[in-house]
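S.K.: I have a structure I would like to understand better, so I am pasting it below and will then ask my questions one at a time.
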Amino acid sequence: MTEPITTPLKPVPGGRWRALAAAARPDDLEYGCSAAIAVRTGEGREVARGIFPERADRGREPWNGGRRGTAAGSGRPAHAADTRDRLEHAARSLLQHRVCPETLTDQDPEEYARGSLLPATAAEVFDR
């Protein structure tokens with residue numbers, strides 16, 4: 001079981017940036033950080049989803065990383081994205097994956113989706 005976070009978290013740094021959101025399974029972003037992604041896109045920032053390694057096969061250079069990385073679900077978060085204004089957006093995103101709540105619980109999918117969201121997404125920030 002994950003230990004609760006007991007130290008205050010700083011806001012995830014802002015500034016001008018683009019982001020690539022990637023996850024191990026297709027629905028992990030919806031369950032892990034869809035509200036945080038919605039906050040950033042709502043600010044007019046570009047967030048791309050998915051990695052395409054086959055681009056290197058077509059003579060394109062692979063992505064070499066960025067100046068900052070943010071890992072939601074890290075075991076050592078020091079930052080958090082305030083997601084209170086985007087919880088409804090995140091709930092609708094989760095409901096697009098109805099098979100998960102229908103498989104994981106007997107609870108109504110809408111109640112499950114809304115009950116699984118938090119008003120902030122904790123993350124670890126890595127500067128290059």
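S.K.: Between T41 and D106, what FRET efficiency follows from the Cβ-Cβ distance if R0 is 25 Å, with the result rounded to 0.05? Working shown, then result.
M.R.: Details: r = 33 Å, r/R0 = 1.33.
About 0.15, to the nearest 0.05.
S.K.: Let me ask something else. Using θ = phi - 60° and the Karplus curve 6.51 cos²θ - 1.76 cosθ + 1.60, what whole-Hz ³J(HN,Hα) does each residue of region 75-83 get, with Gly and Pro shown as x?
M.R.: After applying 6.51 cos²θ - 1.76 cosθ + 1.60, I find x, 10, x, 10, 10, 8, 9, 6, 10 Hz.
S.K.: In addition: Given H placed on each backbone N at 1.01 Å, which residues far from V47 in sequence or on other chains put an amide H within less than 5 Å of it?
M.R.: For V47, the qualifying residues are A19.
S.K.: Continuing with this model, one more query. First measure r as the distance between the Cβ atoms of K10 and L95, then evaluate 1/(1 + (r/R0)^6) with R0 = 25 Å and state the FRET efficiency to the nearest 0.05.
M.R.: 0.20
S.K.: Amide H to amide H under 5 Å from T70: which residues, 5+ apart in sequence or cross-chain, H placed 1.01 Å off N in plane?
M.R.: When sequence neighbours closer than 5 places are left aside, the close amide H contacts are F126.
S.K.: If you don't mind, another one. ³J(HN,Hα) across region 112-119 via Karplus (A = 6.51, B = -1.76, C = 1.60, θ = phi - 60°), whole Hz, x for Gly/Pro?
M.R.: So the J values, rounded to whole Hz, are 4, 4, 5, x, 8, 8, 10, x.
S.K.: For T83, what residues show an amide H to amide H distance below 5 Å, using hydrogens built from the backbone and excluding near sequence neighbours?
M.R.: HN-HN under 5 Å from T83: A120, T121.
Laboratory data are not the source of any read-out in this text; all were calculated from the coordinates shown. Not measured: the values here are computed from a predicted model. Note: ideal-geometry Cβ built from the backbone for every residue, glycine included; neighbour counts use all protein chains shown.
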